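Heads up, the thing below is written out as structure tokens.
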Amino acid sequence: MDLEFLKDFHRKRVQLLADAGPDLIAFETVPNKLEAQKEILIYFRYVEPIMLIQAFTQLLDEENIKVPAWISFNSKDGVNVVSGDPISECASVADSCKRVLLVGINCTPPRFIHNLILDVKKVTSKPIVIYPNSGENYDADRKEWVQNTGVPDEDFVSYVHNWCEAGAALVGGCCRTTPNTIRGIYETLRGKTANLN
């Protein structure tokens, strides 16, 4: 697997998305498991996130995609993306692309977000978008979420001010957050303006 293979695999998808006229293209939870032909699915287990990020950023430039984008990563340990690459290295690659307007963190337990924001801030001046999960654990063998392993909505929302003070410009919720979580974020940030410069 090499960079050209990844770019060729994603080229048509990125162009189709851009041609549909969205306001923004979000490349999230990098690397992402795609539903595709069986043999293509296999490679996503082994591809290095840095190479996938390079493929996305180079495609945006090579295809002259005018639609702005963001790239977000997830972490299971608060330092690295899931594959083990440091989040700062991944964010640095995303930062190098002019078409990527925001760099972010998603589908990551709330307890890790603050330090990840600080790590990302070291390598980019672009706005940081965060949308953590509830912190619940997923049991891959049983293919289900383990109840009572995450944080309740009120605890999740209690982190929001600290995340913004650390540098988050946009805040939302990912897996296992609820409408009450989003409502709580809204109430916490009501009247504040995102710094997207």
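The values are calculated or read from the model by the stated rules, or taken from the named source; none is laboratory data. Only a predicted model underlies this, so the values are computations on that prediction, with no experimental measurement involved. Backbone-built Cβ (ideal geometry, glycine too); neighbour counts: all protein chains shown. Ligands, DNA and RNA are stripped out before the accessible areas are found, and what is left, the full protein with its side chains, is counted by its heavy atoms. Shrake-Rupley method; radii C 1.70, N 1.55, O 1.52, S 1.80 Å.
Surface analysis of the chain yields an accessible area of 54 Å² per residue, using protein heavy atoms and a 1.4 Å probe. Structure note, pairs Lys66/Lys122; Lys76/Lys98; Lys121/Lys143: Cα-Cα distances above 31 angstrom occur for Lys121/Lys143. Could you compute the FRET efficiency for Lys143 and Ala194, with r as their C-beta to C-beta distance and R0 at 45 Å, rounded to 0.05? Once the sixth-power term is evaluated, E becomes 0.80. Under 5 Å between amide hydrogens, built in the peptide plane, is the criterion, and for Tyr131 it picks out Ile105, Asn106, Cys107, Gly172 among residues at least 5 positions away or on other chains. Here the chain is assigned +1 on the Cβ of each Lys and Arg and -1 on the Cβ of each Asp and Glu. Its dipole about the Cα centre then comes out at about 340 debye. Note on the chain: along the principal axes its Cα atoms extend 45, 43, 31 Å, ordered by decreasing extent. Across the accessible surface of the stretch 75-161, with the other protein chains kept in place and a 1.4 Å probe, carbon and sulfur atoms take up 49 percent. Considering helices alone, the calculated mean residue ellipticity of the chain at 222 nm is -12500 deg cm²/dmol, with DSSP H runs of length four and up weighted by -39500 (n - 2.57) and normalised per residue. If you take the Cα centroid of the stretch 134-197 and the Cα centroid of the stretch 47-97, the two points sit 22 Å apart. Evaluate the distance, in nm, between pseudo-label points positioned 7 Å from the Cα of Ser125 and of Asp2 along their respective Cα→Cβ axes. About 3.6 nm, to one decimal.
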